[in-house]
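Here the structure is laid out as structure tokens; the discussion comes afterwards.
The values are calculated or read from the model by the stated rules, or taken from the named source; none is laboratory data. Fair warning: this is a prediction, and the values are worked out from it, not measured in the lab. With ideal geometry, Cβ positions are generated from the backbone for all residues, glycine too; neighbour counts draw on all protein chains shown.
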Amino acid sequence: MSGSALDLAWNRLAAHRATLEAVHMRDQFAADPDRFQRFSLRLGDLLLDYSKHRITAGTMALLVDLAGAAGVEARRDAMFAGERINVTEDRAALHVALRNRSGRPILVDGQDVMPEVDATLARVGAFAEAVRSGTIAGARGDRFTDVVNLGIGGSDLGPAMAVAALCSYCEGVNAHFVSNVHSAHLRDTLAGLAPERTLFIVASKTFTTLETMTNARSARDWLVGALGEGAVPSHFAAVSSNPARAAGFGIPGDRVFGFRDWVGGRYSVWSAIGLPLAIAIGFDRFREFLAGGHEMDEHFRTAPLGRNMPVIMALLGLWYRDVWGCATHGLMPYDQRLARFPAHIQQLDMESNGKRVRLDGSPVDRATAPVIWGEPGSNGQHAFFQLLHQGTEVVPCDFLLAAEPDVDLGPHQAILASNCFGQSEALMRGRTEAEARRAMEAEGLAPAEIDRLAPHRVFPGNRPSSTLLYRRLDPATLGRLVALYEHKVFVQGAVWGIDSFDQWGVELGKERASALLPAIGGSTPPADTDCSTAGLLAAYRALRRE
Ligand code: F6P
């Protein structure tokens, strides 16, 4: 990454923006009937349409130059080669190894990690299938009907999202996910479950996360209360990179599934953290999920930057974040079963790139990760699309849609698809005042009323979005989509020159929480407690007494 070439690339993009300020996408589409073909990419049945963006071919060339100047390809190759690119923790970042189906070795410190990856995957598969078949059963011999994953962050969001997304493929054992230490989360989940038919998975890379350990202890109490202490080994499994701590909880070694420290939490759904997914959809489908991720890896690893789906998505994100100053990015999956997809990508993106210093510790000189948010369509249209269309903030959005729904209810799919396409078109086209006036004349409004309402009914348009279209939301497609966003995040971090694989920013809040925990119970707060926190503690205790 050469500083002068990188600065030059950014400066060219900033200058290039000026040439587009007065250009409206509707005019670009009118002038170029091939715009869709020009600005779309395919990988199998997965289509990325990025034609509804404020770009020209020249824009894309400058963005690709930016990636080149930032050394994206070299950093990508370093990741795939197992180099310690997570410099602050001196670790590799090798989630791609977890889904590596190429047969190629992947070396960390000169040692091929694939034999261990494959062995763990085989153990996960065997355990999942044994639970599904009843070969592994409860302490009293009952077949498990429910598996409860106790984890948070990357030990929850990925598998929970995937189980929801792939519920058409879920059969036999019901998967539940408890993450919040708020006691209702565990209580509400266990309320309808039978202890003798419930398996718990304690999922924690560190096996120290307070919320997860608290939930695990309470779940253990629930089980012991029903079946006795002797039932624990039959009703618990653990996923952790700290097997010694898992054993300390009373979980037998053959039910502890490990993963290495070069798997980041937010990248761990592909590891044994995916055990609840494998139990829910079966090992064969889980391997299809892995294969989809691997297919995207090979595309990312080999496709030229300008024809590389994650690279294009990353560069467009940089264009809006750092040249147009867009503070947020919206994810709108037009699929109710992807309701948790934005939440997973939130952690993936914001915990990876929500950084303020570069790899060498120097402060970044431009904005890094945007706020990632989103909700399924078409619901968002009835909640926040007002802002997307007529707000003062421009929010680049990703629309996601399957052509073939898992559940086909007559007119529903056509209405969903027309809304997905119609919304992205409306964001792009907008509505001029003349068009607004014509519409109100057609409604029969009086001229004075038309004059009064016209400013309110103009849509500026020129609001960018990408659309990801695919045949079905099957395991392989979900794998491709998740890996696509992982590599998008990677490319953006590489251009910003930050460490996308550590997360020091989560420590301070935890430290303060631990320091205040005794005070919640009535002890004197720490001496350095500010008056707001002290006031809240006092008010909290007063409310608890009333
Ligand atoms: O606190 C943030 C975090 O460390 C995430 O990075 C991680 O996914 C989550 O907490 C859970 O961590 P663990 O899997 O170690 O319990």
Problem - Residue ID - surrounded by the most Cβ atoms within 10 Å (Cβ to Cβ), chosen from residues in segment 233-252 that are at pLDDT 95 or above and touching a helix residue (DSSP H, G or I) at 6+ places or on another chain (Cβ under 6 Å) - result: Val239
Exercise for the section: Determine which member of the set Phe501, Phe459 is aromatic (Phe, Trp, Tyr), more than 30 Å from Ala22 (Cα to Cα) and surrounded by 13 or more Cβ atoms within 10 Å (Cβ to Cβ). Expected result: Phe501
Problem - Given (1) surrounded by 15 or more Cβ atoms within 10 Å (Cβ to Cβ); (2) within 30 Å of Ala272 (Cβ to Cβ), number of the condition Ala67 does not satisfy - result: (2)
Exercise for the section: Taking only segment 504-539 into account, find how many residues are among the charged types (D, E, K, R), exposed (fewer than 11 other Cβ atoms within 10 Å of the Cβ) and not in a loop (DSSP other than H, G, I, E, B). Expected result: 2
Fill in the blank from the handout: For segment 139-160, pairs from a residue that is more than 16 Å from the ligand (Cβ to nearest atom) to a residue that is at pLDDT below 95 and charged (D, E, K, R), with Cβ under 9 Å and 6 or more apart or across chains, are none
Exercise for the section: Answer yes or no as to whether Gly282 is more than 14 Å from the ligand (Cβ to nearest atom) and not assigned by TED's automatic domain parsing to the domain that holds Thr135. Expected result: no
Completion exercise
Note: among Pro405, Pro310, just one is out of contact with any strand residue (DSSP E or B) (no Cβ under 7 Å at 6 or more places or on another chain), surrounded by 15 or more Cβ atoms within 10 Å (Cβ to Cβ) and at pLDDT below 95, namely Pro405
Completion exercise
Flagged pairs (Cβ under 6 angstrom, 6 or more apart or on separate chains; first in segment 207-234, under 28 Å from Lys510 (Cβ atoms); second of a type outside the set (Gly, Ala, Ser) and assigned to a helix (DSSP H, G or I)) are Phe207/Arg245; Asn215/Leu186; Ser218/Leu186; Trp222/Leu190; Leu223/Pro195; Leu223/His235
Exercise for the section: Among residues belonging to segment 264-279 that are over 15 Å from Leu478 (Cα atoms) and either part of a helix (DSSP H, G or I) or outside the structural domain of Gly153 (by TED's automatic domain parsing) (or both), point out the one that is nearest to the ligand (Cβ to nearest atom). Expected result: Gly265
Exercise for the section: Filter the helices (runs of 4 or more DSSP H) completely within segment 23-87 down to those with at least 1 residues that are under 26 Å from Ala426 (Cα atoms) and out of contact with any strand residue (DSSP E or B) (no Cβ under 6 Å at 6 or more places or on another chain). Expected result: 25-31, 35-38, 57-69
Handout entry: Looking only at segment 192-217, and only at residues there that are within 16 Å of the ligand (Cβ to nearest atom) and surrounded by fewer than 18 Cβ atoms within 10 Å (Cβ to Cβ), the one that is farthest from Arg512 (Cα to Cα)
Key = Arg217
Problem - Residue among Ala184, Ala164 that alone is without any contact (Cβ under 8 Å) to a residue 12 or more places away in the chain, in a helix (DSSP H, G or I) and away from the ligand (no atom under 15 Å from the Cβ) - result: Ala184
Practice task
For Phe249, indicate whether it is within 30 Å of Val371 (Cα to Cα) and within 16 Å of the ligand (Cβ to nearest atom).
Solution key: no
Problem - Sole residue being modelled with pLDDT of 95 or more and more than 19 Å from the chain's Cα centre (by Cα), chosen from Thr328, Thr302 - result: Thr302
Exercise for the section: Search segment 327-343 for residues being surrounded by fewer than 20 Cβ atoms within 10 Å (Cβ to Cβ) and in contact (Cβ under 8 Å) with a residue 60 or more places away in the chain, and hand back the single one that is nearest to Tyr267 (Cα to Cα). Expected result: Ala343
Practice task
May I ask you to verify whether Thr135 is surrounded by fewer than 17 Cβ atoms within 10 Å (Cβ to Cβ) and either modelled with pLDDT of 95 or more or closer than 30 Å to Gly497 by Cβ (or both)?
Solution key: yes
Exercise for the section: Considering only segment 368-385, state which residues are exposed (fewer than 15 other Cβ atoms within 10 Å of the Cβ) and either in contact with an Asp or Glu (Cβ under 8 Å, 6 or more places away or on another chain) or within 25 Å of Asp349 (Cα to Cα) (or both). Expected result: Val371, Asn379, Ala383
